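No value in this document is a laboratory result; all are computed from the given coordinates. Just so we're clear, the structure is a prediction, and the values are computed from it rather than from any experiment. Note that we place each Cβ from the backbone using ideal geometry, even for glycine, and neighbour counts take in every protein chain shown.
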Amino acid sequence: MKVVIPKETANGERRVAVVPDVVPKLSGAGFDVWIQAGAGLEAHHDDSAYQEAGARVTSDLTELFKDASAVLKVQPPTLDEVNLIPPNALLISFLYPARNTEVTASLAKRNVTALALELLPRISRAQSMDALSSQASLAGYKAMIMAAARLDKIIPMQMTAAGTLAPARVFVMGAGVAGLQAIATARRLGAIIEAFDVRTAVKDEIESLGAKFIEIPLESSEGTGGYAAEQSEDYLRRQRELLAERIAASDIVITTAAVPGKKAPTLVTSEMVSRMRPGSVIVDLAAESGGNCEVTSPGEETVFNGVKIVGLYDVPSSVSVHASQTYSRNVGNFLLALLKEGQIQIDFNDELVNASCVTHSGETRLGFGGAATGNNPSEGNLS
Ligand SMILES: NC(=O)c1ccc[n+]([C@@H]2O[C@H](COP(=O)([O-])OP(=O)(O)OC[C@H]3O[C@@H](n4cnc5c(N)ncnc54)[C@H](O)[C@@H]3O)[C@@H](O)[C@H]2O)c1
């Protein structure tokens, strides 16, 4: 069985799907590992490191893809790349089928079995394959580092002969994997941290990392249906006002609130940004799905009323060494989990396959598997 790792071609993508360390694990399971020349360079793995690990390296794309059983990538393939994948081969990568409908259709047309890593259910068995978490954790760390580097202040309190410097105030909105890592990083740097999430269950985790959970206690609803609706509007208004206050008091705001498969919710309006002190920094990790901040320019760094707003894409790529290292463990573990008696087997009774499979046998699977099986975290299918 030949497994192929092409060089990533998406703009700014610096990760590689498999690092040399993972090659012997794949070879040991019966794969001939082939990698495109230069594929690991941006993650600081040269071709000779792959050769020493037992992989074959080629710059000839026809030779690379010929008779491949499996292709491992980070980003969804382009239409040209789809045409290189042999019919009936397996593809594992991030795919985001809802926003890559043309690519998904052409994968189906080419008879490729495409498994989307982001659709894996978040069950214990899939933890070692959870590329969303491994990459989000790095993004959360880097978001805080990017914010600190752009702030014209230091983060920790300093008592000097020239007076006391107050610690920076950080507000993290959305405390999933990325948000919690941003909090942990801010804490190590010495910031005072507050955090907010719609899931109040995350309060304990936020507090255990040394941050304060911002919440508005719900009032008891004793009235009739009409009254309850009014209260809810009042609740939302008070919530917006409290968030606006906390944002205005912060030197750094890091937003990570994503809703899988949907546009990111707007949490920071332009009016809220206007209330921030000039020189403050917002890092919007949801920029790729539209942004949590109304004035984020997706993919760019901008300044609004003196506030720096970072909406850069693909933050994990900026730490390509660790991002590739963790991603390759995830993708490698998934591929190995598909082996039955030494052969790749696409078994729809396996919930990992059923949830993540986007195309198979010439068809696009209805609801993209994941959507149909409810692996959306907001649907509560978490372990
Ligand atoms: N194997 C597992 O059990 C497993 C693995 C990974 C993650 N998880 C859990 O899943 C949860 C979400 O993971 P994620 O980081 O991928 O989530 P995500 O990237 O989809 O969202 C980030 C956070 O934003 C929050 N959010 C969404 N809308 C919001 C809004 N309007 N206002 C404020 N916050 C909002 C979400 O509640 C979430 O905590 C976390 O609790 C995480 O610990 C479980």
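Highest GNM mean-square fluctuation, the chain, Cα pairs closer than 10 Å: which of 143, 244, 114?
Comparing 143, 244, 114 in a Gaussian network model of the chain, the most mobile one is 244.
If you look for lysine pairs in segment 1-124 that are eight or more places apart or on different chains, how many of them have Cα atoms under 16 Å apart?
5
Taking the Cα centre of the chain as origin and charging only Cβ (+1 Lys, Arg; -1 Asp, Glu), how large is the dipole, in debye to the nearest 20?
440 debye
Order by neighbour count: 159, 144, fewest other Cβ atoms within 10 Å first, most last. Walk me through the numbers before you get to the answer.
Values: 159 8, 144 27.
Taking fewest neighbouring Cβ atoms as first place, the list is 159, 144.
Which one, 186, 43, 161, has the greatest fluctuation when you compute a Gaussian network model over the chain with C-alpha springs under 10 angstrom?
161
Determine the calculated [θ] at 222 nm for the chain from helices alone, applying -39500 (n - 2.57) to every DSSP H run no shorter than 4 residues and normalising by the residue count; nearest 500 deg cm²/dmol.
Taking each H run of at least 4 residues, the total per residue is -9500 deg cm²/dmol.
Can you say what percent of the DSSP beta bridges in segment 137-318, counting only those with both residues inside, are antiparallel? Round to 5. All intermediate terms of the calculation are to be shown ahead of the outcome.
Values: 7 of 26 bridges.
Antiparallel: roughly 25 percent of the beta bridges in segment 137-318.
Go through 92, 9, 23 and say which Cα lies farthest out towards the positive end of the charge dipole of the chain; charges sit on Cβ, +1 for Lys and Arg, -1 for Asp and Glu.
Value: 23.
Quick one: compute the contact order of segment 1-48, relative version, from alpha carbon pairs under 8 angstrom and 6+ residues apart, as a percent.
Relative CO of segment 1-48 lands at 48 percent.
Nearest 10 degrees, 0 to 90: what angle lies between the long axis of helix 177-189 and the longest principal axis of the chain (Cα atoms)?
60 degrees
Which ordering of 119, 165 is given by a fewest-first count of other beta-carbon atoms within 10 Å?
Values: 119 27, 165 14.
With the fewest neighbours first, 119, 165 line up as 165, 119.
Take the chain, mark every one of the GluC sites (Glu not before Pro) that falls in a DSSP loop and has at most 10 other Cβ within 10 Å, then report the longest stretch left between them, sites excluded.
Longest site-free region, per DSSP loop and neighbour criteria: 1-218.
For residue 359, list long-range residues whose amide hydrogen, built 1.01 Å from N in the peptide plane, is under 5 Å from its own amide hydrogen.
Excluding prolines and chain starts, which carry no amide H, the hits are 114, 365.
Which shape class, rounded, prolate or oblate, goes with segment 1-85 when its Cα gyration tensor gives a ≥ b ≥ c as root eigenvalues, a/c under 1.5 marks rounded, and past that a/b bigger than b/c marks prolate?
oblate
Sum up the lysine pairs in segment 137-318 that clear both bars: alpha-carbon distance under 18 Å and a spacing of 8 or more or different chains.
Count of close lysine pairs: 4.
Please figure out what share of the DSSP beta bridges in the chain is antiparallel and state it in percent, rounded to the nearest 5.
25 percent
How far is helix 131-150 tilted, in degrees, relative to the longest principal axis of the Cα atoms in the chain, given as a value from 0 to 90 rounded to the nearest 10?
The angle comes out at about 50 degrees.
Do you know the relative contact order of the chain, to the nearest whole percent, from alpha carbon pairs under 8 angstrom that are 6+ apart? Could the numbers behind the result be given before it?
Values: 794 pairs, mean separation 74.7, N = 383.
Once normalised by length, the contact order is 19 percent.
Just to be sure I follow the definition: excluding the sites themselves, where is the longest run in the chain that has none of the chymotrypsin sites (Phe, Trp or Tyr not before Pro) in a DSSP loop with at most 15 other Cβ atoms within 10 Å?
Details: sites that count: 313, 348.
In short, 1-312.
How charged is the neighbourhood of residue 325? Take every other residue with its Cβ under 14 Å from the Cβ of residue 325, and add Lys/Arg as +1 and Asp/Glu as -1.
Around residue 325, the surrounding residues sum to +2.
Using only Cα atoms, tell me the angle between helix 225-248 and the longest principal axis of the chain; keep it within 0 to 90° and round to the nearest 10.
Long axis of 225-248 versus the principal axis of the chain: about 90 degrees.
Just in segment 89-184: which trypsin sites (Lys or Arg not before Pro) are loop by DSSP and have at most 11 other Cβ atoms within 10 Å? Mind dumping the intermediate values first?
Details: sites: 99, 109, 110, 122, 125, 142, 150, 153, 169; in loops: 110, 122, 153.
Sparse-neighbourhood loop trypsin sites (Lys or Arg not before Pro): none present.
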